[in-house]
1. So which of A:321, A:374, A:311 is part of a helix (DSSP H, G or I) and touching a strand residue (DSSP E or B) at 6+ places or on another chain (Cβ under 9 Å)?
2. With the requirement that a residue be touching a helix residue (DSSP H, G or I) at 6+ places or on another chain (Cβ under 8 Å) and either within 11 Å of chain A (Cβ to nearest Cβ) or without any contact (Cβ under 8 Å) to a residue 40 or more places away in the chain (or both), what does the range B:346-369 give you?
3. Looking at residue A:289, is it surrounded by fewer than 23 Cβ atoms within 10 Å (Cβ to Cβ), assigned to a loop (DSSP other than H, G, I, E, B), within 13 Å of chain B (Cβ to nearest Cβ) and touching a strand residue (DSSP E or B) at 6+ places or on another chain (Cβ under 7 Å)?
4. Within the range B:310-320, identify whether any single residue is crowded, with 19+ Cβ neighbours inside 10 Å, touching a residue at least 40 places away in the same chain (Cβ under 8 Å) and within 14 Å of chain A (Cβ to nearest Cβ), and answer yes or no.
5. Sort out which residues of the range A:313-332 are under 26 Å from the mean Cα position of the chain (by Cα) and at pLDDT 90 or above, and write them in order of number.
6. For residue B:206, state whether it is at pLDDT 95 or above, in contact with a helix residue (DSSP H, G or I) (Cβ under 9 Å, 6 or more places away or on another chain) and under 20 Å from residue B:61 (Cβ atoms).
7. Give the residues of the range A:211-252 that are crowded, with 17+ Cβ neighbours inside 10 Å and over 24 Å from residue A:269 (Cα atoms), sorted by residue number.
8. Based on what the data block shows, is residue A:116 more than 22 Å from residue B:359 (Cα to Cα) and in contact with a helix residue (DSSP H, G or I) (Cβ under 6 Å, 6 or more places away or on another chain)?
């Protein structure tokens, strides 16, 4: 471990315990970009969220990070899971989860995947369209379906596109149609938007959903399940609320509006695993396009196609530290290693990096536990996918 | 093969021979999204480009599609290759190429990759920065380097970012520095921009490069090599010029400006393989968010993270056909199968799809031979990477 890192760790020691994954990165060499993720930190976050969520059941959004060790640890802690495909269902089973602990939350399902899930005993499916109900009726006769609502834009850092969910009137039609098809309508689901930083931002969305809930009941659909989805924030540098308190405040808003919801489920993904991991990477080149350029170009050995897909449109601004972190910094454009002109991480808003930075220097990219490993391409430009170490 | 497809093929038969890859798709079932690429079509395109390029040597940009059968076929035809990494170099060697046929064109190289390339006898490297020259001097002493220029925006469909290349004055400094370091400056390279539809669009760029070429000579750097890069257009639906004629016209512009360039190389990637392949995929769901919505949502079993990464910002608008192609069409938003809200292919500009389209229908996505297979994620949402069949 070099002196700067030790110094940094020592200074941090006085305030908070050093993160195990950062210590592991500091003490090891890696021959390619590697995500190091701390399963103990995931477990702690799970406990904090579970405490705050109270009566709500956690279904971990597997797509955020399906590493077997993470899934096994969460299974042992009694977590449930939300899967997006047959492959993800199989990963949960392999980690020891029972079909009753797994929901199939993707509203766009392959018919063969529906049949598989139904056959092994999965009972919770999400649906937002008439044609999907038809598929369900054929391949999972009698199954429980939860109708996903499209909610209006919220205060989330990244409000979602309109890809998932349907309008209130369509939701009510779907409930009627599901009954005709012999399916059981269990309740409603929605997603408040990724990185919803303040619990209060949930209020409007919950009001919209509660209206549909009441209309459904008036229409003689005895709903029992409310799935509040994800949206639990992770810190990418700026402060976020303690997970326990955040979840507690969200649940206060939920309970006030849905006293009659018998089952409540939540699907944290990013909020559960993002902060538990960091990527160890390396500077490949620091250059200027012209001697008079005011900013540098810094090229890393990881980019948009090898793990950092969420830098698309500069949506996530990762915090990056180096051994030079205490020295003078200056603006740069940050880019990946591929021969693809679009593989630029931060350009619209320049990134401050140490002026001393040079080829071969280690960089640590923080809060990378979610949406990095499986987003990586199979081998674009011949670069291998992101390596992972679970500690 | 169903009647509609046969009909379509028959009608096309009267004008042009049916594409082998489309015939293969029509005659086969696939259990997941599959790229079918015709190595004979790649070979024909190679011959056409080679004829048009005359004295210029083709270095196929391996990153566009590194399928072993494609690389072997091109090797047998005497092609050269441009590699972006050690892994790509190894793929070329495995396909039978000699190190003398391989250039290492990535300007952002891992030091260990430089050493490997140098050791096996690769002599052509691209460089655009002082720090990269330092790496070259250490790991490939005495090597030939080509300086990559940053050229001003052109008429390309997608002008490149400023990621690669350097200014004219920086290029001249690099030449002096390379000489001090014992490296041999071979010449200049540039990239005119992806999908440069008209040969005439090369003129301005070539003028910029010729100016630097002359300045270098005046500065006693006897340049011999001009690398004109890629930019050769592929058709994504609208007409593009015949490859032979296009290349010929570009070469006329080159020869007029660089009569003293002893070696000329070109690096077509997309222009060589894109049109030779198509993806067989399937509709998973057609829905409306509300009964009153004017457009539908069409969800395919392939999306932005499983092969169609170039739909990012709706940059490439693929032509998509179905068995319903002759029937009435209407507007829709086209999206991928993942639980990711960003996995939407075309939304800003709605896509026209048959009104009869339904879950389970086959779709064929055309001109997918380039930048699809290796861009696919390793398993986002549990979906497998794009499958490939080379015929």
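1. Details: A:321 fails: part of a helix (DSSP H, G or I); A:374 fails: part of a helix (DSSP H, G or I).
Within the list A:321, A:374, A:311, the selection yields A:311.
2. B:346, B:347, B:348, B:349, B:358, B:359, B:360 - these are the residues of the range B:346-369 that are touching a helix residue (DSSP H, G or I) at 6+ places or on another chain (Cβ under 8 Å) and either within 11 Å of chain A (Cβ to nearest Cβ) or without any contact (Cβ under 8 Å) to a residue 40 or more places away in the chain (or both).
3. So residue A:289 fits the description; yes.
4. Initial filter on the range B:310-320 (crowded, with 19+ Cβ neighbours inside 10 Å): B:310-311, B:316, B:318, B:320.
Now restrict to residues that are touching a residue at least 40 places away in the same chain (Cβ under 8 Å): B:310, B:316, B:318, B:320.
Restricting the remaining residues to those that are within 14 Å of chain A (Cβ to nearest Cβ) gives B:310, B:316.
Among the residues of the range B:310-320, at least one is crowded, with 19+ Cβ neighbours inside 10 Å, touching a residue at least 40 places away in the same chain (Cβ under 8 Å) and within 14 Å of chain A (Cβ to nearest Cβ), which makes the answer yes.
5. Of everything in the range A:313-332, those that are under 26 Å from the mean Cα position of the chain (by Cα) and at pLDDT 90 or above turn out to be A:316, A:317, A:318, A:319, A:320, A:321, A:322.
6. Details: at pLDDT 95 or above: yes; in contact with a helix residue (DSSP H, G or I) (Cβ under 9 Å, 6 or more places away or on another chain): yes; under 20 Å from residue B:61 (Cβ atoms): yes.
Yes, satisfied.
7. Residues satisfying the conditions are A:212, A:213, A:216, A:221, A:223.
8. Working: more than 22 Å from residue B:359 (Cα to Cα): no; in contact with a helix residue (DSSP H, G or I) (Cβ under 6 Å, 6 or more places away or on another chain): yes.
In short, no.
The values are calculated or read from the model by the stated rules, or taken from the named source; none is laboratory data. Here the structure is a predicted model, which means the values were calculated and not measured. Note that we place each Cβ from the backbone using ideal geometry, even for glycine, and neighbour counts take in every protein chain shown.
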